Amino acid sequence: MSTVEQGAQVAPPVGVEFELTVVNNSPTPANAMVFPMVPGVTPGNPVVWRSFDLAPNQTTAFQWKHTLNFVRGSLTQFGPGQNYEPVEIIEAVPGESNQVTLALVDGALAFTDQQPGPPGTLLVNQDPSVPSGAGNVGVGIGGFGTLVALAQPGAKQGYGYAPQFYIGTGTYREGELLSTMGINTQAALDFPAGVTTATATFDGSGWQITY
C-alpha cells in the first residue's frame, strides 16, 4: 500500500468553501478541465474532476466545499477518455470514517465497514470476495471523483487528503480517465493558506492564475 499526499504538503481543513472563476480570454472555444496530477506510485487512475465548455471571452465560476469522499463506479476496463461511471459516493470524515471496505454483498459490490482509519489517509480495503475487474473504487473531493482503481480482491489503496489540482485545456470531460495525452495546457492551482478564491484566465496559449 502506498499512502501519498498527492503533491500537496498540507491539506485544507475539511469543510472549507472554495470558489474558482475561469475566464476564456481567447478568440476560440475552450474545454477547461480541473484535474489531479499525482506521483506514479499512487494507486489508481486520475479522473477529470470538473470540466466546462467556454465560448470566446466567456467567464464561469463554480464553488465547492472541501469534503472527502469514497467513490465506487461501474466501469470495468480502463482507458483514457472512458468515464468511471459513479454509482455510489459516500462522505469520509477524518478520524471517524476515513477507512472503508469494498465487498461483495448479496451478489453486488458495496461499501461496508466504514470506520476510523490511519491519520491523514483515505484507506480502501478490497475484500477477498471482490471479483477482479468487476467495477472500480477510489476517492473524490466535494462529491466528484478524483482517483479510481479497478476492483481487485485483497487490494489496499491509500490516498492523501489533498490532491494537487491543475487547470488546463484539452479533450477530456468531467468524470473521464485521463492521461497526459489529451492535455494541451495546464497550470497548478495552489491556493495559499487561508485563501479560498482564485481566478484562472486562459489567453489561448497558457494560464494566468490570481488569488
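The values are calculated or read from the model by the stated rules, or taken from the named source; none is laboratory data. Note that the structure is predicted; figures quoted are calculated from it, not measured. All Cβ positions, even for glycine, are placed from backbone atoms using ideal geometry, and neighbour counts span all protein chains on display. What goes into the accessible areas is simple: the full protein's heavy atoms, side chains included, and nothing from ligands, DNA or RNA. Shrake-Rupley method; radii C 1.70, N 1.55, O 1.52, S 1.80 Å.
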With every protein chain kept in place and a 1.4 Å probe, the chain has an accessible area per residue in Å² of 44
Calculate one ³J(HN,Hα) per residue across region 24-37 by plugging θ = phi - 60° into the Karplus curve 6.51 cos²θ - 1.76 cosθ + 1.60, and present them in order as whole Hz with x for glycine and proline. 9, 8, 9, x, 10, x, 9, 9, 8, 10, 10, 8, x, 10
Cα convex hull volume per residue for region 137-181, in Å³, equals 103
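Over 28 Å apart: what share of the alpha carbon pairs of the chain falls there, rounded to a whole percent? Display every interim value, and only then the final one.
On the way: 5959 of 22155 pairs.
Of all Cα-Cα distances in the chain, 27 percent exceed 28 Å.
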Share of region 25-105's accessible area from carbon and sulfur, percent, 1.4 Å? 49
Compute the distance from the alpha-carbon center of region 9-47 to that of region 72-94, in whole Å. 17
The chain, relative contact order [Cα under 8 Å, separation at least 6], %: 29
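As an exercise, identify the GluC sites (Glu not before Pro) in region 57-113 lying in DSSP coil whose Cβ has no more than 16 other Cβ atoms within 10 Å.
Values: sites: GLU88, GLU91, GLU96; in loops: GLU96.
Those satisfying the criteria are GLU96.
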